[in-house]
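Contents: one structure, followed by commentary.
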Amino acid sequence: MVNLDKAVQLLEDEDVVGMPTETVYGLAGSIYSDKALRKIFAIKGRPFFDPLIVHVASIEMASQLVQSWPSSATILAAAYWPGPLTMVLPKNEKVSDLITSGLETVAIRMPNHPVALKLIKAFKYPLAAPSANKFGKTSPTEKLHVEDEFKDDGLLVLEGGACQVGIESTIVMIEELNEKMVRLTLLRAGMLTFNEIKRKLEEHLYRVVINEAVEKKLAPGRMKHHYMPKKPLIIVKSDLSEEAIIKRLEDELIHLPAIVEGVEIIKPAKIEKLNFLNFSTRPEEAARELYGTLRRESINDGDVLIFKKEEIHEGEAWAAFFDRINKAASLIIT
Ligand code: TXA
Ligand code: MG
């Protein structure tokens, strides 16, 4: 593959490339190049306090980045890697502060995409990669989305088709308290649910303690607003009429702050036409559709995007979808 060779060459030259994964496309650079890492933050417009995920192509590669590789991580890797699970573990000196934002831990995952795995294997070193979008904006699930986002940067993006999962990996921090006892800190919901992870460890006779009350310092980068489309997205939880929605928006949108935690809150120029979004009633499919729909409908007609939350959206299978769409919304009307 010609472009794969070119991508490896760019990585060797301490540059960055667009890399498909099964979740979303990433903006990848060598974990051993400060120049590449700085470029990732620079072209994304990402603050340095938001740490990066390191992508590996083998467990051996992963185990070289941590102080010790816990047996619970072996179990989870056997069950879910390659796949949409990111494990946060105590790092060793090979992992720079630029990647971890100065934390003592590193986030690692093995993506389930042939192109990503080929790229990492050909380059021979792990790749740090955030989602390939500008800071605070909608994540990319197609090559074109990445090219669109980084038009001015001459970025090489490897073709990998449409992302099969469609939203980012589940992130858990793993602490082995003793031989058969693990504390899991839930850092980001994904299509692999926290309960599945917990049950998997319990099958292997672990006692699992769940830490849900996450302090800011353990979970940097968890912004209130994130994934924001170009047109304002409004989530409507009740059965309001169109007129009632427009009235509420006219009353409430103007009072929103311009920026929250460095992310611009998207506001409409006028509110006349509402664009109601449609997603599959199946959570896996809705997740796959989410970011592409936000991008596409932002160019279509309508002044605001409206998503109606219904009763069918209850339950853990929808947790990751709502984590993302809630953060993408300028306003949630209950
Ligand atoms: O599916 C994914 O995980 C995608 C693809 C490209 O692999 N990547 C992704 O990266 O979503 P990004 O940069 O958009 O989100 C990474 C998040 C950070 O914002 C932070 O919340 C968390 O991972 N993170 C990274 N390192 C961490 C650490 N050491 N401790 C706690 N959270 C960490
Ligand atoms: Mg992201």
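The values are calculated or read from the model by the stated rules, or taken from the named source; none is laboratory data. A quick note: this is a predicted structure, and the numbers were derived from the prediction, not measured. Don't worry about glycine lacking a Cβ; one is built from the backbone with ideal geometry, like all the others, and counts go over all protein chains shown.
Annotations
- Lys270 vs. criteria exposed (fewer than 13 other Cβ atoms within 10 Å of the Cβ), of a type in the set (Lys, Arg), in contact (Cβ under 8 Å) with a residue 12 or more places away in the chain and within 27 Å of Ser101 (Cβ to Cβ): no
- Filter pass, Leu155 being part of a loop (DSSP other than H, G, I, E, B) and away from ligand 1 (no atom under 13 Å from the Cβ): yes
Okay, residues lined up against (1) near ligand 1 (Cβ under 10 Å from one of its atoms); (2) free of Cβ contacts under 8 Å to residues at least 24 places away in the same chain; (3) over 29 Å from Leu155 (Cα atoms):
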residue	(1), (2), (3)
Asp50	yes, no, no
Ser58	no, no, no
Leu65	no, no, no
Asp97	no, yes, no
Thr100	yes, no, no
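- Restricting Thr281, Thr334 to residues that are farther than 24 Å from Tyr25 by Cα and modelled with pLDDT of 95 or more narrows the list to Thr281.
- If the condition is being out of contact with any Lys or Arg (no Cβ under 9 Å at 6 or more places or on another chain), assigned to a loop (DSSP other than H, G, I, E, B) and more than 16 Å from ligand 1 (Cβ to nearest atom), then region 205-237 contributes only Lys231.
- Residue among Glu215, Glu168, Glu159 that is within 13 Å of the chain's Cα centre (by Cα), under 24 Å from Ser131 (Cα atoms) and of a type in the set (Asp, Glu): Glu168
- If you check Glu149, Glu142, Glu175, Glu159 for being within 14 Å of ligand 2 (Cβ to nearest atom), on the phi < 0 side of the Ramachandran plot and among the acidic types (Asp, Glu), only one passes: Glu149.
- The residue of region 131-145 that is nearest to ligand 1 (Cβ to nearest atom), among those that are buried (at least 22 other Cβ atoms within 10 Å of the Cβ) and closer than 15 Å to Thr23 by Cβ, is Ser131.
- Residue count, region 284-334 (criterion: within 17 Å of His225 (Cβ to Cβ) and free of Cβ contacts under 8 Å to residues at least 24 places away in the same chain): 1
- Scanning region 162-172 for residues that are within 16 Å of ligand 2 (Cβ to nearest atom) and of a type outside the set (Asp, Glu) yields Cys163, Val165, Gly166, Ile167, Ser169, Thr170, Ile171.
- Flag for Lys237 being of a type outside the set (Ser, Thr, Tyr), in contact with a helix residue (DSSP H, G or I) (Cβ under 7 Å, 6 or more places away or on another chain) and loosely packed, with under 15 Cβ neighbours inside 10 Å: no
- Which numbered condition Pro283 misses (of (1) surrounded by 13 or more Cβ atoms within 10 Å (Cβ to Cβ); (2) over 20 Å from the mean Cα position of the chain (by Cα)): (2)
- Entry remark, region 148-170: residues being in contact with a Gly (Cβ under 7 Å, 6 or more places away or on another chain) and under 13 Å from Met191 (Cα atoms) number 4 in total.
- Checked against (1) among the hydrophobic types (A, V, I, L, M, F, W, C); (2) touching a Phe, Trp or Tyr at 6+ places or on another chain (Cβ under 8 Å); (3) not in a strand (DSSP E or B), Ile306 passes all but a single condition, namely (3).
- Any hit, region 51-69, residues being within 30 Å of Val208 (Cα to Cα), surrounded by fewer than 14 Cβ atoms within 10 Å (Cβ to Cβ), in contact with a Ser or Thr (Cβ under 9 Å, 6 or more places away or on another chain) and among the aromatic types (Phe, Trp, Tyr): no
- Selection within region 191-204 - under 20 Å from Ser71 (Cβ atoms) and not in a helix (DSSP H, G or I): Leu192, His204
- Residue selected from region 103-130 under the condition surrounded by fewer than 24 Cβ atoms within 10 Å (Cβ to Cβ) and near ligand 1 (Cβ under 7 Å from one of its atoms), by the criterion farthest from Leu85 (Cα to Cα): Leu103
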